[in-house]
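Here, each number is a calculation from the coordinates, and none is a lab measurement. Keep in mind that this is a model prediction, so the values were computed, not measured. No Cβ is skipped: glycine too gets one built from the backbone with ideal geometry, and neighbour counts run over all protein chains shown.
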Amino acid sequence: MEFIRKIDVVENISEKDFLNHYFYPQKPCIIKGLIKNTAAEHWDFDYMKKELGNVVVDVFDNTINKTSAYVGGDKKMKFSEFIDEILKNEDQCPYRLFLFNGFKHSVQLQKDFPCPTIFKGILDNVGFMFFGGRNTIVRMHYDIDMSAVLHTHFYGKKRVLLVPYEYSQYMYRPYFNTYSIADFSYIDDIDYEKWPALRKVKAYDIYLEHGDSLFMPCGWWHYMIYLEPSFSVAYRKFPYGFNNIVNGALNLTTRLWTDKLLNKFFGKKWADFKYNKALENSNKLAGL
Ligand SMILES: O=C(O)CCC(=O)C(=O)O
C-alpha cells in the first residue's frame, strides 16, 4: 500500500470553489475552520454529556466480529456511562458509537453546528455522530448509500486511511458488502504475505485534529483510528453521478437484503464462503 501524505488543506473556501475544485471532481480535502465562531468550537465531553447524558445508546464492541455491511450495536447503555467507559480505557478501547443521531435528542447541538453552507443539500439535516476512545478502530469500509461525507472531528486526534473507490477490486470485499476482510490493525506494517493485493492500493494517510473537516468523496474506503478519545459529526450529500446513485440504491435495496437473507439461512457457511471468495478474488485480480 502506498501512503499519500499530501492532501489539499483549505480554509475559508466558498461554496462555489468547494463544488468546482472538490465535490464535482470528487477529490478529497481537509477544510479548516468550519467550526470557527460557532458554539461547536468549544464542544467537549462534559458538554456532550450535559446534552445527551440520559439517552440510551447502542454501543459497538470491536471485540465482536461482524460479517455484514450494515449492523447494529452490541450493547445498550446510557450515553454518560459510555463516555465514562471510553475515557477510562487507557490503551485500546473496544467501545465506540457509530452513526448515532445525536441531533434527534438535542436540538441545541444542531443549532451549535448546523450543516456548513458548502455542504448544503437535501440531506443536510442528517448529521450522524461517532465517538471512540484511545486507539479505537473503525474497520475499513465505504458508506453503503454512496453519499459524499463531510466528517468534522472534535476534541482529540484521529488518523484516517482514505482509499479511492477505484481500488475496490484489491480491497478484499465480500460479495454484497461494503467492508474489507483485510486486517489493517498493523497499519504501518501490513501483512502483504496474507493480503498481497493491498500492494496495488494507494491510500491517503490523514491526521485530523479538533475542528478539521475531511471531505470524503462518494464510495471512498475509510479506516479510522481514534488516537485519543474524541468524536466526529458527519454530514452527507446525495451521491454524485449516475454510477454512485445506482450503486447506492442497489446496495440499500438489493445487496444488503440478499446478504442478510443468506446470513439468516446459511449462517457461518455463508460467512466463510464470502470470506474465502473475497480472498480469492482480490488475489486473482492482483495477478497473484
Ligand atoms: O468516525 C467513525 O467512527 C467512523 C466514521 C465513518 O465511518 C463515516 O463517517 O462514514
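Remind me, relative contact order of the chain in percent, using alpha carbon pairs under 8 angstrom and six or more residues apart?
Rounded, it is 26 percent for the chain.
Angle between the Cα long axis of helix 79-88 and the longest principal axis of the chain, 0 to 90 degrees, nearest 10?
The answer is roughly 70 degrees.
Treating only the Cβ of Lys, Arg, Asp and Glu as charged (+1, +1, -1, -1), what charge dipole size does the chain show about its Cα centre? Round to the nearest 20 debye.
880
Please work out whether the range 162-288 counts as rounded, prolate or oblate from its C-alpha gyration tensor, where a ≥ b ≥ c are the square roots of the eigenvalues and a/c under 1.5 means rounded, while otherwise a/b larger than b/c means prolate and anything else oblate?
Cα axes put the range 162-288 in the oblate bin.
When the helices in the chain are scored as -39500 (n - 2.57) per DSSP H run of 4 or longer and the sum is shared across all residues, what 222 nm value do you end up with, to the nearest 500 deg cm²/dmol?
Helix-only estimate at 222 nm: -7500 deg cm²/dmol.
What is the gain in length, in nm to one decimal, between residue 283 and residue 64 on full extension, counting 0.36 nm per residue of separation less the C-alpha to C-alpha distance?
Contour length minus Cα-Cα distance gives 76.2 nm.
Between residue 242 and residue 47, what is the label-to-label distance in nm when each label sits 7 Å out along the Cα-to-Cβ direction?
4.5
Which pairs in the list 49/158; 158/284; 27/157 are over 25 Å apart, alpha-carbon to alpha-carbon?
Flagged as over cut-off: 158/284.
How do the peptides 229-235, 161-167 rank, highest first, by the average count of neighbouring beta carbon atoms within 10 Å per residue?
Listed from highest to lowest mean packing, they are 229-235, 161-167.
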